[in-house]
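*Asks:* What follows is a single structure, and I will ask about it in a moment.
The values are calculated or read from the model by the stated rules, or taken from the named source; none is laboratory data. As the structure is a prediction and not an experimental result, all values here were calculated from the model. Glycine gets a Cβ as well: all are built from the backbone with ideal geometry, and neighbour counts include every protein chain shown.
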Amino acid sequence: MFWNQFKTVFLLTSLSVLLFLFGYWVGGRTGLIFAFGFSLLMNFITYFYSDKIVLKLYKAQPLDKNKFSYVYDIVHELTDQANMPMPKLWYMPTSMANAFATGRNPKHASVAVTQGILDILEEHELRGVLAHELSHVKNRDILVATVAATIAMSIAYLADILRWSFIFGGRSRDRDGGGWSAIIVAILMPIAATMIQLAISRSREYLADETGAKISHDPLALASALEKLHHNVKSKKFRPKSNVQSSTASLFIVYPFSASGLVSLFSTHPPMEKRITRLRSMVK
């Protein structure tokens, strides 16, 4: 657990340094101030409104307390054990088995489950999944993901400014090694930022697996659930209608889109085999 926390802090620091260096390189002190101000603004917006946006995006509805009372009972038990407030529970009418947590802090948290996950998991496996999602809330992963995403987006925005500035002659073609160096930097910086952002996401997934297994006292149940979800997602993937939906993939317990080969480098989730192996190794 300590290693994952340390890695997250290191990667977030690296991402922030990358943003400020890039801002300074693009526009000197003015660029540095702009980069800082823009990242603060985007963090504020996403911190307070991202949960509402995501729930609406996936057409989530409040989970029926009468029909799914056992889910409420499980979450009540887990939140008591974790000393957390009860989150709002949501339902997504899709056959793909998945779940996610969102919300800016434990007092304003939501956990959403799909019809698919309610159909295929045994109750003890669902308990493991819900413990994983509550761990994201407890570990403030939504905040961490928000900060990482907005810093990466700020870097991408600065890269766009740099590219257009070069195209229209607003930036000297002889500065800092010429125009080609500006183009290369404008291309590579967003890629580097994205890679760091995704590494943070994968680290937080490992941490949520570990914390969730400890809250539920049943790492094998979560491991079993992940196996079932992994096979289900392979046959029933979300087909993103926009970049917005693709950008929310990190929220889900199982990556909802296909990822293999080089594409897996840009996955928000660690390899499923490693997650399952780690969970099984927790059983003594």
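*Asks:* Considering only residues that are at pLDDT below 95 and in contact with a strand residue (DSSP E or B) (Cβ under 6 Å, 6 or more places away or on another chain), which ones fall in the stretch 115-141?
*Replies:* Answer for the stretch 115-141, where residues must be at pLDDT below 95 and in contact with a strand residue (DSSP E or B) (Cβ under 6 Å, 6 or more places away or on another chain): 136, 137.
*Asks:* Under the condition of being at pLDDT below 70 and in a helix (DSSP H, G or I), which residue from the stretch 207-263 is surrounded by the most Cβ atoms within 10 Å (Cβ to Cβ)?
*Replies:* Filtering the stretch 207-263 down to residues at pLDDT below 70 leaves 236-247, 257-263.
Now restrict to residues that are in a helix (DSSP H, G or I): 243-247, 261-263.
Details: 243: 7, 244: 11, 245: 16, 246: 13, 247: 14, 261: 6, 262: 7, 263: 10.
So, considering only residues that are at pLDDT below 70 and in a helix (DSSP H, G or I), the one surrounded by the most Cβ atoms within 10 Å (Cβ to Cβ) is 245.
*Asks:* Report, by residue number, each residue of the stretch 85-136 that is acidic (Asp, Glu), crowded, with 21+ Cβ neighbours inside 10 Å and more than 18 Å from the chain's Cα centre (by Cα).
*Replies:* As a first pass, look at the stretch 85-136 and keep what is acidic (Asp, Glu): 119, 122-123, 125, 133.
Those still in the list that are crowded, with 21+ Cβ neighbours inside 10 Å too: 125, 133.
Passing the criteria: only 125.
*Asks:* Also, I was wondering about something else. Inspect the stretch 180-188 for any residue being modelled with pLDDT of 70 or more, under 24 Å from the mean Cα position of the chain (by Cα) and assigned to a helix (DSSP H, G or I) and give the result as yes or no.
*Replies:* There is at least one residue in the stretch 180-188 that is modelled with pLDDT of 70 or more, under 24 Å from the mean Cα position of the chain (by Cα) and assigned to a helix (DSSP H, G or I).
*Asks:* I would also like to ask the following. Write out, first by first residue and then by second, each pair whose Cβ atoms fall under 8 Å of each other, whose residues are 6+ apart or on separate chains, and whose first residue, in the stretch 105-134, is more than 17 Å from residue 55 (Cβ to Cβ) while the second is buried (at least 23 other Cβ atoms within 10 Å of the Cβ) and among the aromatic types (Phe, Trp, Tyr).
*Replies:* Every condition considered, no pair remains.
*Asks:* List the pairs whose first member sits in the stretch 46-63 and is farther than 17 Å from residue 87 by Cα, whose second member is at pLDDT 85 or above and surrounded by 12 or more Cβ atoms within 10 Å (Cβ to Cβ), and whose Cβ atoms are under 6 Å apart, counting only residues at least 6 apart or on separate chains?
*Replies:* 58/92
*Asks:* Could you check the stretch 64-91 and list, in sequence order, the residues that are in contact with a Lys or Arg (Cβ under 7 Å, 6 or more places away or on another chain) and without any contact (Cβ under 8 Å) to a residue 40 or more places away in the chain?
*Replies:* Of everything in the stretch 64-91, those that are in contact with a Lys or Arg (Cβ under 7 Å, 6 or more places away or on another chain) and without any contact (Cβ under 8 Å) to a residue 40 or more places away in the chain turn out to be 72, 85.
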